[in-house]
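Working notes, beginning with the structure itself.
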Amino acid sequence: MLRSVAAVAALAVLGAATPLPAQRLDLAGELRQIARAAGGTLGVRVLHVESGSGASLNADQWFPMMSVYKLPIVIHALRMSDAGTLDLARRVTLTAEDRRPGLSPLAVRIAERGPQTLTLREAISSVIRISDNTASDALLRIAGGPGAVQATLRQLGFSGIDVSRYELEFSADYHGVCCLERMKPFSLERFFEAADRVTAADRRKAAAAFLADRRDAAQPAAMASLMAGVVRGQLLSSASTSWLLDEMAEMHTRDTGLRAGLPAGTRAGLRPGTSGETGGIRAAHNDNAIVTLPGGRGHLVIAAFLKGSRGTDARRDATLAAVARAAYGWAIRR
């Protein structure tokens, strides 16, 4: 089948080897061009932290965060540690009831070896480096729950970020699983059995509702501001700031997204978030990055959210990589 001119242009936008012309500094225009080939709704906020300049695309729309929401949870926990109200050396033991669906090496270890004991600092590291869902829900519970995190966000002025549910709860909502309170004691196997019983029609209905839900969603502009606040040292102590940035730089489970669009060796701290796929639609395919620019040029934050997208994950990743490539090219030529 012959490709249309528009399709060829779209592929050129996403091509990893396609350089941006040096004379073009219209980042907003580049983002609009990338969005035309995205297969869903793309929201982006790019911000040069030190100068405050940047560009946006749909940055005030709301997008499901998925695991992106772990960053405000961790910031809340680290602020508690800085205030002396949460001891990160505290040891907690997690059992089979604490296992969570989705990505969780910790849940696998519990299933294979029995209860696991770790410090809260180790739990945070697992959340940031690996995006472990079991560690995330345990940390959120110990740090006061979603309401406590939301109160911190309000206190800091981030009205464009919502944290309302545990990972288990929004996973159940996405898959159309009812009545978690009846799964006592909770069992991951029972959760999967319940998910398997959901009809295809109900699953599509639940996924569509999830996509439109403002809970556990964010505006790219707000998420970029949150990351910029971390870089500027406005949200955490200097020690907590340095530790968090180092931990984010060790996140490698989603290197095919924003990091793939940056020059090799560029330091970038990531906070990705990806949903399941229902009826050929992925509710969320997100990535966020704090990038250290070369030559003393400062820092670049990129908040990139893609919702309601069709197509392959390779295409989605290529969209995110194209965003990073355009943002980085703009930042070093500005």
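Each reported figure results from applying straightforward, stated rules to the coordinates on display, with no laboratory input. Source: prediction; values computed, not measured. Glycine also receives a Cβ, built like all others from the backbone with ideal geometry; neighbour counts cover every protein chain displayed.
Computed on the range 205-334, with alpha-carbon pairs under 8 angstrom and 6+ residues apart, the relative contact order is 24 percent. Counting Lys and Arg as +1 and Asp and Glu as -1 over every other residue whose Cβ lies under 14 Å from the Cβ of Ile75, the net charge comes to +3. Sorted ascending by nearby beta carbons within 10 Å, beginning with the fewest, Ile332, Ile110, Ile161 become Ile332, Ile110, Ile161. Bridgeable lysines around Lys307 (alpha carbons under 27 Å apart, same-chain partners fewer than 8 residues away excluded): Lys70, Lys205. In percent, how large is the relative contact order of the range 70-212, given Cα pairs closer than 8 Å and 6 or more residues apart? Over the range 70-212, the number comes to 23 percent. The spacing between the range 40-100 and the range 115-185, judged by their C-alpha centroids, is 11 Å. For a paramagnetic label modelled on Arg182 (point 7 Å from Cα along Cα→Cβ), amide N atoms under 20 Å away belong, within the range 92-129, to 101. Assuming charge only on the beta carbon of Lys and Arg (+1) and of Asp and Glu (-1), the dipole of the chain about its Cα centre is about 640 debye to the nearest 20.
Amide H contacts under 5 Å for Asp132: Val127, restricted to partners 5 or more places along the chain or on a different chain, H placed in the peptide plane at 1.01 Å from N.
Dividing the C-alpha radius of gyration of the range 272-334 by 2.2 N^0.38 Å, with N its residue count, gives 1.30. Between Glu112 and Ile142, the contour length at 0.36 nm per residue exceeds the alpha carbon distance by 8.4 nm.
By the count of neighbouring beta-carbon atoms within 10 Å, fewest first, Met66, Met223 end up ordered Met66, Met223.
Scalar couplings 3J(HN,Hα) for the range 97-106, obtained by applying the Karplus form with A = 6.51, B = -1.76, C = 1.60 to θ = phi - 60°, are 5, 8, 5, 10, x, x, 5, 6, x, 5 Hz; x denotes Gly and Pro. Ranking Ala268, Ser53, Leu120 by Cα position along the charge dipole of the chain, where only Lys, Arg, Asp and Glu carry charges on their C-beta atoms, puts Ser53 farthest toward the positive end.
A dipole drawn for the range 63-180 from +1 and -1 charges on Cβ atoms has a positive end, and of Gln155, Leu86, Ala96 the residue lying farthest that way is Leu86.
Remark: the range 138-154, residue by residue, has Karplus-estimated 3J(HN,Hα) of 5, 4, 4, 4, 5, 7, x, x, x, x, 5, 5, 5, 5, 5, 4, 5 Hz, where x stands for each Gly or Pro and the curve is 6.51 cos²θ - 1.76 cosθ + 1.60 at θ = phi - 60°. Net length available on complete extension from Ala28 to Glu97 is 20.2 nm, with 0.36 nm assigned per residue and the Cα-Cα distance removed. The value of relative contact order for the chain, using C-alpha pairs under 8 Å at least six residues apart, is 27 percent. For trypsin sites (Lys or Arg not before Pro), the sites in the range 150-236 that DSSP calls loop and that have at most 12 other Cβ atoms within 10 Å are Arg214, Arg232. Computed extension gain for Phe192 through Asp255, at 0.36 nm per residue and net of the alpha carbon distance, reaches 19.8 nm. Coupling constants for the range 210-225 follow from the phi torsions by the Karplus curve (6.51 cos²θ - 1.76 cosθ + 1.60, θ = phi - 60°), and in residue order they are 4, 4, 8, 6, 7, 6, 6, 10, 8, 8, x, 4, 5, 5, 5, 5 Hz; glycine and proline get x.
By other beta-carbon atoms within 10 Å, ranking Ser238, Ser67, Ser225 with the fewest at the front produces Ser238, Ser225, Ser67. A helix-only calculation puts the chain at -14000 deg cm²/dmol for mean residue ellipticity at 222 nm, using -39500 (n - 2.57) for each DSSP H run of at least four residues, averaged over all residues. When every Cα-Cα distance of the range 68-191 is counted in 10 angstrom steps from zero, the calculated P(r) takes the values 13, 44, 34, 9, 0 percent. Taking Cα Rg over 2.2 N^0.38 Å as calculated from this structure, the corresponding entry among (1) 1.19; (2) 1.10; (3) 0.99 is (3).
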